[in-house]
Amino acid sequence: MGFGNGSSMITFCQVLSSLNSSQLELLWSNMCYTFQALFSPLMTKSSDCVVGDAQPSAVSSPLNETQLVSPSALHRVARESSNLRQLACDYSSWVNSTVDAALVTLCSENDQMQFVGQVCNNASLIKKLLSDQQNRWLYAFCSYSSAGASYLVSQFCMYEQWLNQPAQLVDSALLQFCLRFDAPRLTSLICEHTGFLMHLISNPDNWPLMPNCSGSSLPPLFTYPEIEPDYCQYSEWHDAMQITTDILSKCILFDQSGFAREVCQNKTFLNNLLQNKELAWLESHCSTSMVSPSPGPIPSFNLAAWCDYQNWAEKQVDDSVVGLCWQNDQVTFQENVCCKAAVFEKLLENPLNKWLTSVCIDMEQITVTPQVCKYSEWTRPIIVDMTDLALCAEIDPQNFTSKVCANSTVLLNLLANQDNAWLIRYCGNYSVIPTAGGTAGGQTIRPGFSAAEQCLYSSWITSLPNATLLAQCWEKDQANFISSICSNAGVLLFLSREPFTAWVSRICTAITNYTTSPNNNSTTTEPNDCASETLIKQFSLMCPDYLCQPCASQNTVLQMMVHCWVESMNSRMEGLLTTPVTEVLNRAVAATVVILLAVEDSIGPIWQVNTTIGQSALTSVVDYLQRENNQDRKKALLQCFGTVLSHLLQTSRDVSGSELLLMKEYLSLPLSSLKPVLAAAHISTIRLILQYYNSFKNTIKLSKEYQSTMVSVILKTHQATDSKLLLDLGSLLVAVSPDDIKTFPSLQNNDNLREIINTNLDRMSLAQREAFGLWYSKVLSPSNITGGHQSLIRVTGNLIAYLPFQLFQHLSAAQLLDGLDVLQRNTLSPLKQDFIASKLIGTYRNMTAQDLIRLGNVLCLAEAKDLLVYKNTEVFQVIQEIIMNCTLSGLSMPSQLVSDLLLSNPEFKIPSSLSSDRLEEIAPLLPLLGVTFLNGLTTSQLLAALPALSTVPFTPTQASVIVDKLLSNARLPDQLEELGSLIVGVKTETLLSLNSDRLLSAMKAFAQHTPALCRPYMSVFCAPETNAIATKLWGFPEVVSWLDDMEPLLRWTPLICVLSRTPLLVKNLSKTATKPWKTQQAQAIVKAVNTYTNQTKQSFLSLGTLVQGVSCKDLHQLFQADRSPPFVRKILALLRQQPSLLHTALKRCVIEELYPLQFFADLLQDLGAEIALCIPMVIIRLLPADMMDILRKMIVASPQHFLMLTRIQQEILVDKIIQRMNMYTGPFTEEEFRSLDIMAPFVADEVFVQVDRSFFTKNLDYLQRLCYSSSKMEIVARILQEPAVFG
């Protein structure tokens, strides 16, 4: 807005100031329509103006001409109508009116001769109709008209015009038409003119249509008169200010290589051009444009290396590689891709490979038929598209005839759509075509149809026809149909109420509209005014000189208006407009900017919005995101405008200012929105996000799930674009899932990436580390390791500690010793630890004390015979100290190793010589030194060291030796807790001499130590002591009130003791029902409950842990009273919660009671593994696959019940499971093995021997914890000795 003359705006603002709030609101509401009218041209791809350097992306995979998809040859039966043209096909009115696509189709089929003459031979009318995408079929239809294809080629295949309109994409249907009828000329132009090729492939739909240009050397077919000869003479460009955007754009388009060489690579010349602010976009173009490679030797092309079809089913293949292999290796490609469903379907997951459906014809039919010809769904009353039916009739005639024509239900449902009336003729080989009954009494349409006999229109007011008769009358008697039905409002009303006849009302309405609309052929002549001059005068605009051009095109005028408005309004807005109006105007400007950016993102930078207002737009976006609270709107902005935002950011080298705030918004998105937004973001934006995170990771608090999702999306979506993106992940590598690590590219030899991984390994889970080890092993072989340098481990770093063992075992002793520090700071599997110890100690027989100290805990894993070599040497004491420290730290070691090495220590030869302090220090070693050593200790030594000894896990015999010494000169401690773990050594007669209070105290001490320490010996040592305590305490009537304290020893309480207290236990049932009773104890208490109380459903549910004691009779009565699913599930839940194993008889009773129920199949999950495994095998073998899978999951979750079965039961059960789960044939894969888990070793030998060897060698630690029969152990041994495993 001009500073000197702003009268128009002042007057405008004065008027606004006189309006009240409601009038202002109404005014700005109405202004929306004005803005809509003003900016509507921006929403279409107009060809009026070409500005900028829009360069379409390069073609990914040039394809040959055989890929052109031929038009569908589906046949439809033409409807006969003598007066159709008078009714609807008034072609003269089509020129000045909008024509419905359905009407065009109708006329082409039913009035073909007139249609060809009036439409196909009228280029202007065809162009008008083709503006509707639904009429694209006209290219193929009219190419066979009387005028022939040559006329249409001359009218539509105007390639110079295509180039003059770079903002308007070439439709794929048009390109396909021109390739068919003007192939030589168009192919030559595509192959010889890079700018033209880039313009065509800017529409992704055209990619599959590109011809094979290999070996083409044809000259250009035409020149371009719009480019003056002197325009692209770069040496004559002396005055940079005289070089316009239009000149640069055309030189880029028509002289791409020369422009890149003479302008982009000449930094001095480029800087001179960039002094013109209007050409600022040129810097971005040159930074991304392709530069011709320097001359040099051309590497040989290895087709087999690129086209490794055998691996395509397991890896991501770039779409350009797919196109390359198709172009150069079609025979093998057809055999290994088109004829292999797995590879074909995986490639189709990439949208850029959709063109394969046109070249793999056989595979297309294989995949299309089940997707389109869904015969099973057609039995329902649904609307099926006529084109789908015709396609199925053409490519699958046998099934179509048997499943459609021979099925009256399907046929009637399809005939409900009047477009499918052609089925009557298609299926006419059948003598009678039945139709729906309905109100017409179920008429039957015979092939010899007579309209006069069957189309009794006068009777339809009382008896409506069925769908088939209605379609027949319309098809065979259209003139009478229209005159009799379309004019009868009553019949139309009835027909509109039924879904299968509602189409009649719609078609009658359309015919009436077409026959009654007046023909308006008048034209108006628009004034030949210059829009820019008019607007400048009207609004008193004072624009910069570079915007005020002579009468420009519509788009240029709008561009100029936006520039002028934005530049002029900022300085005067606050002074002239009120606050409410300013806010509304700001929102309007913001909306305008968004529209302009969206259009630029869609059709290219023809207005240079990004260059002109890029930084302001970015600031506005950040301000909006900070103010907006609706997360869905934020997601929509960041996801839908990802490319636009990347353009706003691409000039920034460092993350700062608005860019920094925008990156923060990306990482503030909720987890549910993160995946789609990052997937849509540009690669440059992803890099900035990673840069921002790594710079502020200490202050950004993201959950592990958030980080994992973020990394997974980046790797799956953007890694294929740039594999070096892994280097930008930095500390986010700790969030990479093991599955994503497997897809990493082959960058193992990249030192920077390896260093990043090594630095972050200590923060990863073991599964992640092993996945990285597996990834790194892909570039190593046994020969690489054995022939590697001694410093291999130190150079490689932490990664080498997680190599699969079959590679790790090839490390030499010298390499292990050199890299020992690296290995020791990582988590090594027990197998690798044993290997290191055996390799080092077994190889080096003269290690120094310093070497042994450096080995540390590794020494404790060595064989005793290897360590005893050092006996009677000065370093043997060092070995003894290391072994002792391992034991004191809790490391499990063979007792023979400890006794052989430690008992020879002079310090332990005379136990009584040890001081109390030294005894406390070596207390954890005492159980390993044996009873003989303990007998040598004195009472004074033991009393002084009692606090330390009370925490050591002695066996009952060892504890008894110590306790006897303690009691020889002293009384039993007042607080038995002081004995700690030694209490297991107190004799029975000593315990029986205590009163009830002391016994309860002793029992608490036993409860703390018995489960962990005595259970292995309970049948010999622990049972007498606990039995004695329990027997004496149950002799007191108060025992019922002591149940909480007695709970740990209930399992050792004799049944006779419980029987004497059952009345008291029943009286206090609420507490009794919560204790862990044994089965016999529970049976006794339940029997007493039945004696003293009336048993009901509710009281049964209150039995709690006593339910295990109910009898089969009680259970039968219970289920007779209530067999409803909810009640049955309550009982089963109660049985699953019992503290002890259920009695076999009770489990069988449950099965016998529930099996007759109709919903027994639904109860399998509720039974639990313990009861389910009691189901007879004759029933289990009949279970379907889904129920068998439920049983498998239950066994894996609770394997102890499966392991309690007999060996023959285990093998039969597993055999039935793998048969039902289809695991019996083929390789025994890792997925199948892990799904069986504890059951895997119980499969048949012929199945087990097929185990995946790579899984076997990489998971030895997992396999070691399973149980194997002798035959399976023999198979395991043979597998381990195979050359491909360990040899």
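Figures for the structure shown
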item: Filtered residue count, the stretch 1099-1128, keeping only those that are under 48 Å from the mean Cα position of the chain (by Cα), surrounded by fewer than 13 Cβ atoms within 10 Å (Cβ to Cβ) and of a type outside the set (D, E, K, R); result: 2
item: Criterion: assigned to a loop (DSSP other than H, G, I, E, B), closer than 24 Å to Glu881 by Cα and at pLDDT 85 or above - qualifying residue of Leu840, Leu828, Leu816; result: Leu828
item: Yes/no for Ile879 being modelled with pLDDT of 80 or more and under 60 Å from the mean Cα position of the chain (by Cα); result: yes
item: Positions within the stretch 149-172 being of a type outside the set (A, V, I, L, M, F, W, C) and either within 11 Å of Leu200 (Cα to Cα) or modelled with pLDDT under 80 (or both), in sequence order; result: Ser150, Tyr151, Tyr159, Asn164, Gln165, Pro166, Gln168, Asp171, Ser172
item: Members of the stretch 772-794 that are among the charged types (D, E, K, R) and surrounded by 18 or more Cβ atoms within 10 Å (Cβ to Cβ); result: none
item: Residue within the stretch 752-771 that is among the small types (Gly, Ala, Ser), open to solvent by less than 20 Å² (accessible area, probe 1.4 Å) and touching a Leu at 6+ places or on another chain (Cβ under 9 Å) present; result: no
item: Helices (runs of 4 or more DSSP H) contained entirely in the stretch 471-539, each with at least 1 residues that are closer than 27 Å to Gln454 by Cβ and modelled with pLDDT under 70; result: 503-516
item: The stretch 797-813: number of residues that are outside any helix (DSSP H, G or I) and in contact with a Lys or Arg (Cβ under 6 Å, 6 or more places away or on another chain); result: 1
item: Residues satisfying the stated conditions in the stretch 843-879, i.e. of a type in the set (Asp, Glu) and either assigned to a loop (DSSP other than H, G, I, E, B) or farther than 20 Å from Val822 by Cα (or both); result: Glu863, Asp866, Glu874
item: Residues being under 49 Å from the mean Cα position of the chain (by Cα) and on the phi > 0 side of the Ramachandran plot - total across the stretch 844-874; result: 1
item: Residues of the stretch 754-796 that turn out to be outside any helix (DSSP H, G or I) and either of a type in the set (D, E, K, R) or closer than 18 Å to Thr827 by Cα (or both), as a count; result: 2
item: Residue count, the stretch 452-495 (criterion: free of Cβ contacts under 8 Å to residues at least 60 places away in the same chain and surrounded by 15 or more Cβ atoms within 10 Å (Cβ to Cβ)); result: 24
item: Pairs with Cβ under 6 Å, 6+ apart, first in the stretch 1198-1214 and farther than 15 Å from Arg1181 by Cβ, second acidic (Asp, Glu) and buried (at least 17 other Cβ atoms within 10 Å of the Cβ); result: His1201/Glu1170
item: Of all residues making up the stretch 299-323, the number that are open to solvent by less than 50 Å² (accessible area, probe 1.4 Å) and either of a type in the set (A, V, I, L, M) or modelled with pLDDT of 80 or more (or both); result: 9
item: The stretch 1086-1098 - residue that is open to solvent by 30 Å² or more (accessible area, probe 1.4 Å) and β-branched (Val, Ile, Thr) and, of those, modelled with the lowest pLDDT; result: Thr1096
item: Residue in the stretch 687-709 that is surrounded by the most Cβ atoms within 10 Å (Cβ to Cβ), counting only those that are of a type in the set (A, V, I, L, M, F, W, C) and without any contact (Cβ under 8 Å) to a residue 40 or more places away in the chain; result: Leu688
item: Lone unmet requirement of (1) in contact with a helix residue (DSSP H, G or I) (Cβ under 6 Å, 6 or more places away or on another chain); (2) open to solvent by 20 Å² or more (accessible area, probe 1.4 Å); (3) modelled with pLDDT of 70 or more; (4) not small (Gly, Ala, Ser) for Leu348; result: (1)
item: Unique residue being within 20 Å of Leu934 (Cα to Cα), small (Gly, Ala, Ser) and modelled with pLDDT under 80 when the list is Ser892, Ser904; result: Ser904
item: Odd one out for Arg1129, checked against (1) at pLDDT 90 or above; (2) not in a helix (DSSP H, G or I); result: (2)
item: Subset of the stretch 1090-1114 [of a type in the set (Val, Ile, Thr), closer than 18 Å to Ile1131 by Cα and part of a helix (DSSP H, G or I)]; result: Thr1105, Val1107
item: Unique match (being at pLDDT 85 or above and open to solvent by 70 Å² or more (accessible area, probe 1.4 Å)) among Leu1055, Leu1059; result: Leu1059
item: Residues of the stretch 1189-1224 satisfying the condition of being over 21 Å from Val1251 (Cβ atoms), hydrophobic (A, V, I, L, M, F, W, C) and open to solvent by less than 50 Å² (accessible area, probe 1.4 Å); result: Leu1191, Met1194, Leu1205
item: Which numbered condition Asn212 fails, given (1) within 27 Å of Cys360 (Cα to Cα); (2) modelled with pLDDT under 80; (3) open to solvent by less than 40 Å² (accessible area, probe 1.4 Å); result: (3)
item: Single residue of Gly936, Gly930 found to be more than 24 Å from Glu989 (Cα to Cα) and either hydroxyl-bearing (Ser, Thr, Tyr) or touching a Pro at 6+ places or on another chain (Cβ under 8 Å) (or both); result: Gly936
item: Some residue of the stretch 667-679 being open to solvent by 50 Å² or more (accessible area, probe 1.4 Å) and either under 20 Å from Leu761 (Cα atoms) or in a loop (DSSP other than H, G, I, E, B) (or both); result: yes
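Here's the yes/no breakdown for (1) in contact with a helix residue (DSSP H, G or I) (Cβ under 7 Å, 6 or more places away or on another chain); (2) over 22 Å from Pro670 (Cβ atoms); (3) part of a helix (DSSP H, G or I):
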residue: Lys697; (1), (2), (3): yes, no, no
residue: Leu702; (1), (2), (3): no, no, no
residue: Val711; (1), (2), (3): yes, no, yes
residue: Leu715; (1), (2), (3): yes, no, yes
residue: Asp722; (1), (2), (3): yes, yes, no
residue: Leu732; (1), (2), (3): yes, no, yes
residue: Phe744; (1), (2), (3): yes, yes, no
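The values are calculated or read from the model by the stated rules, or taken from the named source; none is laboratory data. Quick caveat: nothing in here was measured; it's all calculated off a predicted structure. Neighbour counts are summed over all protein chains in view; Cβ atoms, including those assigned to glycine, are modelled from backbone coordinates with ideal geometry. Each accessible area value is taken on the protein alone, full model and side chains, heavy atoms only, with ligands, DNA and RNA left out. Shrake-Rupley method; radii C 1.70, N 1.55, O 1.52, S 1.80 Å.
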